[in-house]
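Colleague: First the structure, then my questions, so here it is.
Laboratory data are not the source of any read-out in this text; all were calculated from the coordinates shown. No experiment lies behind these values; they were computed from the predicted model shown.
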Amino acid sequence: MLASGGWEAQDTNRQRNSGVERGMARQQVDDPRDEPTVRDRLIAGARDVLQGAGIADLTVRKVATAAGRSTMCVYTKFGNRRGMVEAVYESVLDDLVAEITPPAGSRPDALVEGWALALRDWSMRYPEPYRLVFDYPLGQFEVSDDVRIAAIDRVVAVPAEQIGAERAHRVWATCHGLLALERAYGARKPAWSGSPSLLAYYRSTLRDLLEDR
């Protein structure tokens with residue numbers, strides 16, 4: 001049987017251990033390794049500029065301001081504007097590929113249709129990032145066209161696993177062209193289209209391609 005001092009000592013030890021556990025939990029939550037790096041913050045700032053103001057405003061000064069950093073910080077992390085744009089490009093592309101990759105388990109045509117609809121949805125939500133990846137002349141940033149070719153290959157690799165590379169590139173080229181039309185027309189319905197909307201036209205054209213009609 002414990003004396004009263006024994007109970008008090010046990011309570012003290014329990015409180016001490018509890019404090020240690022809370023401290024360890026706090027260290028796990030506040031682990032600096034989980035916090036965004038300076039480079040991450042700069043890329044996030046650049047993406048804010050890209051989405052909010054547009055590609056033309058992707059300057060070192062505006063990105064530094066958006067990230068709350070100095071222009072010297074941008075040069076230190078990326079070397080120059082080209083390096084900064086390449087990093088933003090890669091970040092945007094990673095997000096795009098993640099969003100357009102459908103879950104496995106459906107038949108190939110259904111997976112490709114899901115990919116194409118996800119591509120359209122992403123392009124409508126993020127028009128400037130989409131334009132940076134696929135349309136904007138990268139030479140303006142002294143970025144090689146090989147970067148874009150590699151990006152298209154990554155995007156097309158998703159349907160290519162289901163229907164083959166050549167057919168997947170044909171589907172991709174058609175989708176990309178239709179998305180350009182939809183951005184140009186906006187909410188207006190083209191007189192030449194028999195579909196009730198450009199989205200309906202997008203869907204029907206996609207199905208025709210997948211059925212090889």
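Colleague: Using alpha carbons only, how many angstrom separate the centre of segment 74-146 from the centre of segment 165-199?
Modeller: Answer, in whole Å: 19.
Colleague: Bin all alpha-carbon pair distances of segment 38-210 at 5 Å intervals from 0 and give each bin's fraction as a whole percent.
Modeller: 1, 8, 17, 18, 17, 14, 11, 8, 4, 2, 0, 0
Colleague: Normalized C-alpha radius of gyration of segment 117-184, against 2.2 N^0.38 Å? It would help to have the intermediate numbers written out before the result.
Modeller: Numbers: Rg = 12.4 Å, N = 68, 2.2 N^0.38 = 10.9 Å.
Here the Cα radius of gyration is 1.13 times the empirical estimate.
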